[in-house]
Amino acid sequence: MDFEYERRINYYETDKMGIVHHSNYIRFLEEARCYMLDKMGIPYSYLEEQGIMIPVLGVNCSFKQHVTFDNIIVINPFIKEFNGVRCTIGYNVTNKSNGNTVLTGETKHCFTDTNLRPLRLHKSFPDIADKFIKEKRV
């Protein structure tokens, strides 16, 4: 399934040059990741109810073009890697008005219990693991 999350840029997210400040993209990626999990049928709230945490291990972004106030960006998150303990989510961000790539990136995560001990989803939550496997890009 392709996931497409749209977001309008707010004025307060821009810097003195009038472009989106780079730090805001981390928030945008998180919003898109939450949207993707919702569409997969495993929203963060459900995962937390099950005692599953998904801490971020790393973020990597390449900025290609800037956007400004009132632009609409389209974020396409996808499961890039998944082994049951760790997951990498890729992101393609485009400017809706012209289709130009704004950013490409990824976030790396692991699955833990509420005490931050690693979980093997295949073993502990096979139904959730199956949803990640189903959505993983080949």
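Every residue, every condition in (1) over 17 Å from I42 (Cα atoms); (2) in contact with a Lys or Arg (Cβ under 8 Å, 6 or more places away or on another chain); (3) of a type outside the set (S, T, Y), yes or no:
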| position | (1), (2), (3) |
| --- | --- |
| V74 | yes, yes, yes |
| C87 | no, yes, yes |
| H122 | no, no, yes |
| D127 | no, no, yes |
| K131 | no, no, yes |
| K136 | no, yes, yes |
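To keep it simple, each residue is scored yes or no on (1) over 12 Å from the mean Cα position of the chain (by Cα); (2) in contact (Cβ under 8 Å) with a residue 40 or more places away in the chain; (3) exposed (fewer than 13 other Cβ atoms within 10 Å of the Cβ).
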position	(1), (2), (3)
Y5	no, yes, no
Y11	yes, yes, yes
K16	yes, no, yes
S23	yes, no, yes
Y35	no, yes, no
P43	yes, no, no
Y46	yes, no, no
L57	yes, yes, yes
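Here is a yes/no grid of residues against (1) out of contact with any Gly (no Cβ under 8 Å at 6 or more places or on another chain); (2) over 21 Å from P126 (Cβ atoms):
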position	(1), (2)
V59	no, yes
S62	no, yes
I73	yes, yes
N83	yes, no
Y91	no, yes
T94	yes, yes
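Within the group I89, I42, I79, I75, which residue is closer than 30 Å to D113 by Cβ, in contact with an Asp or Glu (Cβ under 6 Å, 6 or more places away or on another chain) and not in a helix (DSSP H, G or I)?
Criteria check complete, one pass: I79.
Is it the case that region 119-133 has a residue that's of a type in the set (V, I, T), touching a residue at least 12 places away in the same chain (Cβ under 8 Å) and within 17 Å of M1 (Cα to Cα)?
Within region 119-133, one or more residues are of a type in the set (V, I, T), touching a residue at least 12 places away in the same chain (Cβ under 8 Å) and within 17 Å of M1 (Cα to Cα).
Looking at region 53-66, which of its residues are over 15 Å from R27 (Cα atoms) and either touching a helix residue (DSSP H, G or I) at 6+ places or on another chain (Cβ under 6 Å) or not in a strand (DSSP E or B) (or both)?
Within region 53-66, I54, K64, Q65, H66 qualify.
So how many residues does region 92-138 have that are out of contact with any Phe, Trp or Tyr (no Cβ under 9 Å at 6 or more places or on another chain), among the charged types (D, E, K, R) and not in a helix (DSSP H, G or I)?
Result for region 92-138: 4.
With closer than 21 Å to E13 by Cα, among the hydrophobic types (A, V, I, L, M, F, W, C) and surrounded by 15 or more Cβ atoms within 10 Å (Cβ to Cβ) as the only criterion, which of I128, I75, I79, I52 stands out?
Every option except I75 fails the conditions.
Coordinate-derived values only; no laboratory data. Note that the structure is predicted; figures quoted are calculated from it, not measured. Ideal geometry is used to build each Cβ from the backbone, glycine not excepted, and the neighbour counts take in all protein chains shown.
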